[in-house]
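Q: This is the structure, below, for whatever I ask next.
The values are calculated or read from the model by the stated rules, or taken from the named source; none is laboratory data. Bear in mind the structure is a predicted one, so any value in this text is a computation, not a measurement. Positions of Cβ are backbone-derived with ideal geometry, glycine not excepted, and every protein chain shown enters the neighbour counts.
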There are 2 protein chains.
Amino acid sequence: MIPEEVIKSLAVESDSRIILILMDGLGDIRQGGKTPLEAARTPNLDFLAAEGTLGLTDPVSPGITPGSGPAHVSLFGYDPIKYQIGRGVLEATGIDMKLEKNDLASRGNFATRDEDGLITDRRAGRISTEENRRLVDALQKNIPEIEDVKIILRSVKEHRFVAVFRGENLQRGVAGTDPQATGVRSLAPSAIVPEAERTARVVMEFIRRADEVLAGEKRANTILLRGFSQLPEIPSMQALFKLNPAAIATYPMYRGLARLVGMKILQTGETIADEFETLQKNWSRFNFFFVHIKKTDSYGEDGNFTAKLKVIEEVDEFIPRVRELGPDVLAITGDHSTPCLLKSHSWHPNPFLLWSKYIRVDEVKSFSEASCAWGGLGRLPAVEAMPLMLANALKLEKFGA
Amino acid sequence: MIPEEVIKSLAVESDSRIILILMDGLGDIRQGGKTPLEAARTPNLDFLAAEGTLGLTDPVSPGITPGSGPAHVSLFGYDPIKYQIGRGVLEATGIDMKLEKNDLASRGNFATRDEDGLITDRRAGRISTEENRRLVDALQKNIPEIEDVKIILRSVKEHRFVAVFRGENLQRGVAGTDPQATGVRSLAPSAIVPEAERTARVVMEFIRRADEVLAGEKRANTILLRGFSQLPEIPSMQALFKLNPAAIATYPMYRGLARLVGMKILQTGETIADEFETLQKNWSRFNFFFVHIKKTDSYGEDGNFTAKLKVIEEVDEFIPRVRELGPDVLAITGDHSTPCLLKSHSWHPNPFLLWSKYIRVDEVKSFSEASCAWGGLGRLPAVEAMPLMLANALKLEKFGA
């Protein structure tokens, strides 16, 4: 990939507009017949494919299954190895928590343990969000701080919460306590590096006291913490690419990821229709739009082929309205694949469709995993998608004389 | 890309011969119909494509539009980010100026300014080369040196000249003075780094005195300097690849680029026929030939589809004669794309054709941008072209035991 300082030196501000439509977990694999993208009726995406060019992008590197963090970071044009975003930070930014520099954030689960201390349910039976709030309030009231480290707790939903540790010299090198299995004890929050020993001690004390507070609970009688992390020092899309970017997403995590790279988060509703309406309303205010469609991934994780297919068809129906806005560049892709067969993220590359006035049109006339393998873009790292979008919007100057 | 020291350790001298035919700005994009390369009648190139293999190469990185410097450097097998060649050095080497180590070279334009000092023409109405020579002589005579820094001036053509500053401790970190716009003043040659302050002062004084000398001129009454640069420390193709390379090019800049990496510059005429005759005449003397065809780029920059197409057809007609020479490896490509629609360099990858006795033949039987997207080489960085040429000439030993 091109070094950051080079792309920064080439980027120019301009009015041309880019839309990136991301169907989360879009890519799939065939189970005998077709993939959801192949089986879906997508006349508008196919038309765009015929007028544009296709390729396959690797979120991180061939064979690597990415989490949502690296999958988005790379698509936003950042090196996913250099800018690793911890789970805790992701979770916190996803509920609009404003983290301070050096805050140590972690993802918390309420969980159930038996009398022997063995974890019987890592999600405490998915308690209600109301119950979650009651418990978080109790913890926050009883444990405001430990050794001058401020404890800041926030409910997310169901069994999930965020625990942020704010104080001097906190280190992220602390192991998560979630054993990722039942019938075993939770793990100790051990220091992975010597500098993190004090941090680990604070975390351990927090867990000990939380267990005391929760001792009377039937289901949520313990907590599991993981993804201890701090804000990455990541340059904004404004600074790096001279873009004025906005994000439209129904799920907190994706808003959080977008915020981390400097995108303005637009208020939107719960449906895909809401999202495209938000795009239309804000069209004149920004020159880069990230539209995140969640349900393709959710249904992939459920193994629900038909539902995933229908989400793709729904997005397809909005394409003509998107084109009417008159974008200079339109990119449609996934962040990673979520095959229904695997019911999880996978390493398969993303179908990537790029359309602009200056595209080198290829011979491929439909949008699918297989057609993308024959596309004019070939196979490339997802981090190259941003320079391609910028170039097609004429937002990059020539490199060298 | 493979590290330089590795390729150097693998390269072996041998008599096998490589020809690299570079049609500058070859790649294009379709405007409704075909690209010039698709529309051109190229039976010989297509035959070569059928017998060889194809791919698409990125001069620098996907989305990055390269100048001629990085586009050639990468095709010659050098990292275009590591070896950045400034405009001044390019211009100087392109007119056969022998630069010394640490010479500070810059590209000069004669320009016109009005009474208020605003630039009204960045090229002084493209004055004749004769007028240019008269003015350069006057400047050279009146300003032989400044503060022990020798000033060396050379006419290029029309409004262009080269200004070289030769002296102790000159630094290239000086901003160009060309505002790249009219109706504004020229910029100050400011020091970009503190070490360059004295250099900036010398440059500023040179411009002040040049303005005095030119005060009576009607059109060329000021100068603009940009691309302050010094010779890069670049290993020669002899040292790195153990080649004995020669360059055939009608335009100075490309001879200059070839000389920078150690190629011997062969005298040739103005036409494509002259160039191929020069190739034939010198066939026994070298084992790597770089043949540069300029006009594909020139016509691309003019937006002249038909003329670009005809240059490609002309090159095609010489292919049988080139093959009769009996090269071991024949590569045909561009350095960057120059689409007629954009009338400028672009980011689109280069069609790349590689032919040798040992090629892995693919299924593609014609030479075009779209066919190259389906070629057996896939999409790869242009810097990988040199190892591929060397390998196919059996000039690279096995890596590792």
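Q: So residue A:383 ticks every box in (1) more than 9 Å from chain B (Cβ to nearest Cβ); (2) under 26 Å from residue B:84 (Cα atoms); (3) part of a loop (DSSP other than H, G, I, E, B) but one. Which box is left unticked?
A: (3)
Q: Next up: Specify which of the listed residues (B:400, B:326, B:303) is more than 20 Å from residue B:57 (Cβ to Cβ), without any contact (Cβ under 8 Å) to a residue 60 or more places away in the chain and assigned by TED's automatic domain parsing to the domain that holds residue B:21.
A: B:303
Q: So, one more: Tell me, which residue of the range B:141-158 that is more than 16 Å from residue B:202 (Cβ to Cβ) and at pLDDT 95 or above is surrounded by the most Cβ atoms within 10 Å (Cβ to Cβ)?
A: Kept after step one, since they are more than 16 Å from residue B:202 (Cβ to Cβ), are these residues of the range B:141-158: B:141, B:154-158.
With at pLDDT 95 or above added as a condition, the list becomes B:141, B:154-155.
On the way: B:141: 10, B:154: 19, B:155: 21.
Ranking the qualifying residues of the range B:141-158, first place goes to B:155.
Q: Here is a follow-up. For the structure I just gave you, tell me whether residue A:125 is in contact with a helix residue (DSSP H, G or I) (Cβ under 6 Å, 6 or more places away or on another chain) and assigned to a loop (DSSP other than H, G, I, E, B). Before you say what the answer is, go through the steps one by one.
A: Numbers: in contact with a helix residue (DSSP H, G or I) (Cβ under 6 Å, 6 or more places away or on another chain): no; assigned to a loop (DSSP other than H, G, I, E, B): yes.
When the stated conditions are applied, residue A:125 does not pass them.
Q: Moving on to the next point. Select, from B:257, B:243, B:231, the only residue that is part of a loop (DSSP other than H, G, I, E, B), modelled with pLDDT under 95 and in contact with a helix residue (DSSP H, G or I) (Cβ under 7 Å, 6 or more places away or on another chain).
A: Details: B:257 fails: part of a loop (DSSP other than H, G, I, E, B); B:243 fails: modelled with pLDDT under 95.
The conditions single out B:231.
Q: Right, here's the next one. Just give me the residues in the range A:10-33 being out of contact with any strand residue (DSSP E or B) (no Cβ under 8 Å at 6 or more places or on another chain) and touching a residue at least 40 places away in the same chain (Cβ under 8 Å), in sequence order. Even if it seems obvious, please write down each step before you answer.
A: Taking the range A:10-33 as the starting set, the residues that turn out to be out of contact with any strand residue (DSSP E or B) (no Cβ under 8 Å at 6 or more places or on another chain) are A:13-15, A:30-33.
Passing the criteria: A:13, A:14, A:15, A:31.
Q: On the basis of being assigned to a loop (DSSP other than H, G, I, E, B) and charged (D, E, K, R), does residue A:310 make the cut? Walk me through how you get there before you give the answer.
A: Values: assigned to a loop (DSSP other than H, G, I, E, B): no; charged (D, E, K, R): yes.
No, not satisfied.
Q: Here is a further query. Take the range B:315-335 and flag every residue that is surrounded by 20 or more Cβ atoms within 10 Å (Cβ to Cβ) and not aliphatic (A, V, I, L, M).
A: B:316, B:318, B:327, B:328, B:333, B:334, B:335
Q: Every residue in the range A:1-20 that is part of a helix (DSSP H, G or I) and under 12 Å from residue A:391 (Cα atoms), please. Walk me through how you get there before you give the answer.
A: Residues of the range A:1-20 that are part of a helix (DSSP H, G or I), as a first pass: A:4-10.
Result: A:7, A:10.
Q: Could we say that residue A:391 is part of a helix (DSSP H, G or I), more than 7 Å from chain B (Cβ to nearest Cβ) and not charged (D, E, K, R) here? Don't jump to the end; show me each part of the working.
A: Details: part of a helix (DSSP H, G or I): yes; more than 7 Å from chain B (Cβ to nearest Cβ): no; not charged (D, E, K, R): yes.
It is false that residue A:391 is part of a helix (DSSP H, G or I), more than 7 Å from chain B (Cβ to nearest Cβ) and not charged (D, E, K, R).
Q: Moving on. Can you name the residue in the range B:336-364 that is of a type outside the set (S, T, N, Q), more than 10 Å from chain A (Cβ to nearest Cβ) and closer than 20 Å to residue A:384 by Cβ and, of all such residues, is surrounded by the fewest Cβ atoms within 10 Å (Cβ to Cβ)? Reasoning before the result, please.
A: Going residue by residue through the range B:336-364, those that are of a type outside the set (S, T, N, Q) are B:336, B:339-343, B:345, B:347-349, B:351-355, B:357-364.
So of that shortlist, the ones also more than 10 Å from chain A (Cβ to nearest Cβ) come out as B:340, B:343, B:351-355, B:357-364.
Keeping just the survivors that are closer than 20 Å to residue A:384 by Cβ gives B:351-352.
Values: B:351: 29, B:352: 27.
Per the stated criteria, the residue is B:352.
Q: Which number in (1) in contact with a helix residue (DSSP H, G or I) (Cβ under 9 Å, 6 or more places away or on another chain); (2) not in a loop (DSSP other than H, G, I, E, B) marks the one condition that residue B:83 misses?
A: Exception for residue B:83: condition (2).
Q: Condition first: in a loop (DSSP other than H, G, I, E, B), within 11 Å of chain A (Cβ to nearest Cβ) and touching a Ser or Thr at 6+ places or on another chain (Cβ under 9 Å). Now tell me which residues in the range B:365-380 satisfy that.
A: Within the range B:365-380, B:368, B:375, B:377 qualify.
Table: residues versus (1) part of a loop (DSSP other than H, G, I, E, B); (2) outside the structural domain of residue B:161 (by TED's automatic domain parsing); (3) more than 23 Å from the chain's Cα centre (by Cα); (4) under 25 Å from residue B:170 (Cβ atoms).
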position: B:31; (1), (2), (3), (4): yes, yes, yes, no
position: B:50; (1), (2), (3), (4): no, yes, yes, no
position: B:64; (1), (2), (3), (4): yes, yes, no, no
position: B:70; (1), (2), (3), (4): no, yes, no, yes
position: B:115; (1), (2), (3), (4): yes, no, yes, no
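Q: Inspect all residues belonging to the range A:230-239 and state whether any of them is in contact (Cβ under 8 Å) with a residue 40 or more places away in the chain, farther than 30 Å from residue A:167 by Cβ, touching a strand residue (DSSP E or B) at 6+ places or on another chain (Cβ under 7 Å) and buried (at least 22 other Cβ atoms within 10 Å of the Cβ). Can you show your working first?
A: Taking the range A:230-239 first, the residues in contact (Cβ under 8 Å) with a residue 40 or more places away in the chain are A:230-232, A:234-235, A:237, A:239.
Applying the additional criterion that residues be farther than 30 Å from residue A:167 by Cβ yields A:237.
Then keep just the ones that are touching a strand residue (DSSP E or B) at 6+ places or on another chain (Cβ under 7 Å); that gives A:237.
Those left that are additionally buried (at least 22 other Cβ atoms within 10 Å of the Cβ): A:237.
Within the range A:230-239, one or more residues are in contact (Cβ under 8 Å) with a residue 40 or more places away in the chain, farther than 30 Å from residue A:167 by Cβ, touching a strand residue (DSSP E or B) at 6+ places or on another chain (Cβ under 7 Å) and buried (at least 22 other Cβ atoms within 10 Å of the Cβ).
Q: Out of B:212, B:168, B:195, B:217, which single residue is assigned to a loop (DSSP other than H, G, I, E, B), among the charged types (D, E, K, R) and surrounded by fewer than 17 Cβ atoms within 10 Å (Cβ to Cβ)? Outline the logic, then answer.
A: Numbers: B:212 fails: assigned to a loop (DSSP other than H, G, I, E, B); B:195 fails: assigned to a loop (DSSP other than H, G, I, E, B); B:217 fails: surrounded by fewer than 17 Cβ atoms within 10 Å (Cβ to Cβ).
From the options B:212, B:168, B:195, B:217, the qualifying one is B:168.
Q: May I ask you to verify whether residue B:95 is away from chain A (no Cβ under 14 Å), modelled with pLDDT of 95 or more and closer than 23 Å to residue B:247 by Cα? Reasoning before the result, please.
A: Working: away from chain A (no Cβ under 14 Å): yes; modelled with pLDDT of 95 or more: no; closer than 23 Å to residue B:247 by Cα: yes.
Taking the combined requirement at face value, the residue does not satisfy it.
Let's see how each residue does on (1) out of contact with any Phe, Trp or Tyr (no Cβ under 6 Å at 6 or more places or on another chain); (2) of a type outside the set (Gly, Ala, Ser); (3) within 23 Å of residue A:94 (Cβ to Cβ):
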residue	(1), (2), (3)
A:159	no, yes, yes
A:193	yes, yes, no
A:202	yes, yes, no
A:206	yes, yes, yes
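A quick yes/no check of all residues on (1) within 27 Å of residue B:277 (Cα to Cα); (2) modelled with pLDDT under 95; (3) under 15 Å from the mean Cα position of the chain (by Cα):
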site: B:41; (1), (2), (3): yes, no, no
site: B:45; (1), (2), (3): yes, no, no
site: B:57; (1), (2), (3): no, no, no
site: B:60; (1), (2), (3): no, no, yes
site: B:77; (1), (2), (3): yes, no, yes
site: B:85; (1), (2), (3): no, yes, yes
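Q: Just for the range A:266-288: of the residues that are of a type in the set (Asp, Glu) and in a helix (DSSP H, G or I), which one is surrounded by the fewest Cβ atoms within 10 Å (Cβ to Cβ)?
A: The initial filter retains those residues of the range A:266-288 that are of a type in the set (Asp, Glu), namely A:270, A:274-275, A:277.
Among the residues that remain, those that are also in a helix (DSSP H, G or I) are: A:274-275, A:277.
On the way: A:274: 14, A:275: 23, A:277: 16.
Among residues in the range A:266-288 that are of a type in the set (Asp, Glu) and in a helix (DSSP H, G or I), the one surrounded by the fewest Cβ atoms within 10 Å (Cβ to Cβ) is A:274.
Q: Under 7 Å between Cβ atoms, which residue pairs at least 6 apart in sequence (or on different chains) link something in the range B:57-80 that is more than 7 Å from chain A (Cβ to nearest Cβ) and farther than 20 Å from residue B:8 by Cβ with a partner that is of a type in the set (Gly, Ala, Ser) and crowded, with 24+ Cβ neighbours inside 10 Å?
A: B:57/B:382; B:58/B:382; B:59/B:71; B:59/B:74; B:59/B:382
Conditions tested, residue by residue: (1) over 17 Å from residue B:227 (Cα atoms); (2) aliphatic (A, V, I, L, M); (3) touching a helix residue (DSSP H, G or I) at 6+ places or on another chain (Cβ under 6 Å).
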residue	(1), (2), (3)
B:137	yes, no, no
B:149	yes, yes, yes
B:153	no, yes, yes
B:159	no, no, no
B:202	no, yes, no
B:208	yes, no, no
